[in-house]
Amino acid sequence: MLVFRRAAIIAAHLFLLVASSVTAQDISLLSHDKAIRLDGTFLGFDGRYYRIDTTYGELTVDGSGVLCEGPACPNLTDYVAELTVAGSQQIAQGLWLALLTGFAERNGWILTQESDAITLTESDTQRAVAVFHMSASTTDAGFAALLNGAADMVLASRPVTRQERALAKSAGFGDLVLGRQAMVIGLDAVIPIAAPSLPVSRLSLGQIRAIVSGTITDWSQVDGPEAVITLHLPSLQTGFGQTIAAQFGVDLTKTKARPVFHDSAEALADAVANDPFALGLTALTGANGANHLAIQGSCGFALRPDAKSVKAEDYPLNAPLILYRPARRLPKVGRDLVAYLASDEAQSVVRAAGYIDQAPEAYGLDAQGDRLMNAIRHAGTEVSLADLKAVVDELQPRQRLTTSFRFEAGSSQLDAQSRSNVELLAAALLRGDYDGQNLLFVGFSDGQGAAGANKALSQERAAVVLEAVLAAAEGGAGQATLGTVGYGEAMPMACDDSDWGRDANRRVEVWVKPAIGLTDTPRIGN
């Protein structure tokens with residue numbers, strides 16, 4: 001059977017940052033009666049299917065129906081899966097290595113690392129099962145390698161850009177933001193940090209943006225001491241540096257703030273901790289030794305980047321760590337690895353590595369006092385106290401899951417973390433994790449426009465998310481019952497006077513009514 005794909009011509013010409021790891025070698029595939037012959041350049045083998053570049057384009061051929069001739073033909077008896085992983089060095093050296101180690105231990109394999117190759121070997125036979133060739137540098141280089149045909153997976157500390165997405169699609173690699181081509185493997189966040197001695201405990205997003213752009217230059221402008229602010233940022237060659245630039249909409253190469261850039265989160269945190277008047281923006285996982293500042297809005301409550309707020313995307317500066325791969329079949333060990341990454345066992349590894357996992361936590365309305373007080377404070381003619389009472393009456397007997405859904409800025413499309421939540425929640429429903437329980441998808445909106453229209457819109461968003469989960473679960477929900485409701489602009493998370501605030505308020509939450517006698521928190525994962 002032949003499966004045709006377009007050759008990656010555009011990407012090969014535009015992305016030459018990383019050389020291809022595949023050596024061009026001739027190969028010939030023949031039918032068993034040798035009546036049909038297909039010549040081309042060997043691109044890969046997954047244990048069953050050959051990928052070759054021919055005059056007809058890139059083809060995928062079922063190995064059971066052909067004979068292979070040529071120097072590139074793989075050893076079918078002692079086949080060893082080989083995968084090239086490119087992208088963020090920070091993720092590769094920390095989280096990815098920990099996950100591969102957990103995957104090896106789960107299967108009773110031995111993991112060894114030599115230079116840029118990680119080998120998984122059967123402990124009893126000493127036979128190599130797989131080799132992961134690591135090309136770890138930056139997220140930019142990772143996407144370049146993927147689009148150039150030199151990588152099977154990309155470790156990214158930022159979402160794929162529109163240009164990268166378009167190039168991948170035109171090159172025949174599929175849509176990198178749809179389906180299972182993008183998988184969140186762990187969660188992180190961008191946080192503001194300062195020296196412990198600085199008498200400032202919180203900043204608004206507007207203040208941080210003004211500092212980053214150079215409009216605010218002195219701590220006295222944000223109720224601090226009279227001292228010039230020294231700004232420290234991750235290098236713009238890193239995914240986190242690019243994420244910060246995108247989140248605040250500032251060209252960091254031209255900003256008047258003149259930031260000090262650092263190649264590692266650890267170096268940045270050390271510099272800030274030892275400078276009494278510094279402000280740093282860095283990854284939550286690398287901010288040891290410095291004081292974490294809360295983010296406060298003029299009409300919202302202060303938020304700190306703890307596990308619950310990051311999982312639920314209530315914290316405004318989330319930075320999910322994403323595994324991207326092209327739309328082609330992985331070797332069996334690769335497919336098994338992808339399945340492992342969604343398991344509870346893998347989430348435990350994520351936590352142990354110092355990152356935030358995706359396993360949902362549940363907490364009741366009584367644990368959200370700040371949120372309720374904020375809603376009451378801003379209740380008025382549009383949202384009355386009677387409206388809030390209706391919300392409380394519905395949600396009081398339920399628990400909110402940290403599995404939430406938000407949309408990309410200015411878009412009706414779910415963001416990367418939310419798309420991952422769709423897959424994880426669908427898998428949990430199919431496994432029966434919520435059998436006997438009622439899951440209510442609760443939609444909220446921003447405060448722009450009439451309250452009645454916003455309530456209807458929030459109901460529609462809840463229905464869209466529910467449909468997406470059911471589609472991912474192929475229509476099955478086990479023995480759980482699902483429903484939707486919309487509460488419009490009630491219970492805002494942030495101010496409506498900024499793009500981020502409006503995006504934060506447009507969300508869909510999941511509230512579960514536990515079955516009688518249930519004591520354990522529902523969890524997503526195998």
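Quick note: the coordinates plus some simple rules give every number you see, no bench work behind them. Because the structure is predicted, anything quoted here is derived from the model rather than measured. As a convention, Cβ positions derive from the backbone with ideal geometry for all residues, glycine included, and neighbour counts pool all protein chains shown.
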> Roughly how tilted is helix 385-395, in degrees to the nearest 10 and between 0 and 90, from the longest Cα axis of the chain?
Replying inline: 40 degrees
>> Suppose the Debye formula is applied to equal point scatterers at every Cα of the stretch 201-301; what is log10 I(q)/I(0) at q = 0.11, 0.14, 0.17 Å⁻¹?
In response: -0.29, -0.49, -0.74
> Lysine pairs in the chain 8 or more apart or on different chains: how many have alpha carbons under 28 angstrom apart?
Replying inline: 10
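Could you work out how much longer the chain between R377 and E105 gets when fully extended? Use 0.36 nm per residue separation minus the Cα distance between them, nm to one decimal. Numbers along the way, then the final one.
Values: separation 272, 0.36 × 272 = 97.92 nm, distance 5.22 nm.
Stretched fully, the R377-E105 segment lengthens by 92.7 nm.
Within the chain, what's the longest stretch lacking GluC sites (Glu not before Pro) that sit in DSSP loops with no more than 13 other Cβ atoms inside 10 Å? Show your work: numbers first, answer last.
On the way: sites that count: E226, E474.
Looking at the chain, 227-473 is the longest stretch - no exposed GluC sites (Glu not before Pro) with at most 13 other Cβ atoms within 10 Å.
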> From the phi of every residue in the stretch 305-318, what ³J(HN,Hα) in whole Hz does the Karplus formula 6.51 cos²θ - 1.76 cosθ + 1.60 yield, where θ is phi - 60° and glycine or proline is x?
Replying inline: x, 8, 4, 5, 5, 6, 4, 7, 6, 6, 5, x, 10, 5
> Per 5 Å bin, what percent of the C-alpha pairs of the stretch 360-513 does each bin hold, from zero upward?
Replying inline: 2, 10, 18, 25, 20, 15, 8, 3, 0
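Determine the gain in length on full extension of the stretch R37-Q448; use 0.36 nm per residue of separation and subtract their C-alpha separation, reporting nm with one decimal. Don't skip to the end; give the middle numbers.
Numbers: separation 411, 0.36 × 411 = 147.96 nm, distance 6.43 nm.
So the extension gain works out to 141.5 nm.
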>> Between 0 and 90 degrees, rounded to the nearest ten: what's the tilt of helix 332-341 against the longest Cα principal axis of the chain?
In response: 10 degrees
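Helix-only estimate, please: 222 nm mean residue ellipticity of the chain, summing -39500 (n - 2.57) across DSSP H runs of length 4 or more and dividing by its residues, to the nearest 500.
About -8500 deg cm²/dmol.
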> If you line up the long axis of helix 239-248 against the longest principal axis of the chain, both from Cα atoms, how many degrees apart are they, to the nearest 10?
Replying inline: 40 degrees
>> Suppose we flag trypsin sites (Lys or Arg not before Pro) only when DSSP calls them loop and at most 12 other Cβ atoms lie within 10 Å. Which is the longest uninterrupted stretch of the chain?
In response: 257-526
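Let me check against my output: what whole-number percent is the relative contact order of the stretch 189-308, with C-alpha pairs under 8 Å and at least 6 apart?
Values: 230 pairs, mean separation 48.9, N = 120.
It comes to 41 percent, rounded to a whole number.
Working from the alpha-carbon coordinates of the stretch 361-410, get Rg over Rh, Rh being the Kirkwood radius.
My calculation of the ratio gives 1.03.
Using the alpha carbons of the chain, what is the convex hull volume per residue in cubic angstrom, as a whole number? Mind showing how you got there, number by number?
Numbers: hull volume 87.4 nm³, N = 526.
Convex hull volume per residue, Cα atoms: 166 Å³.
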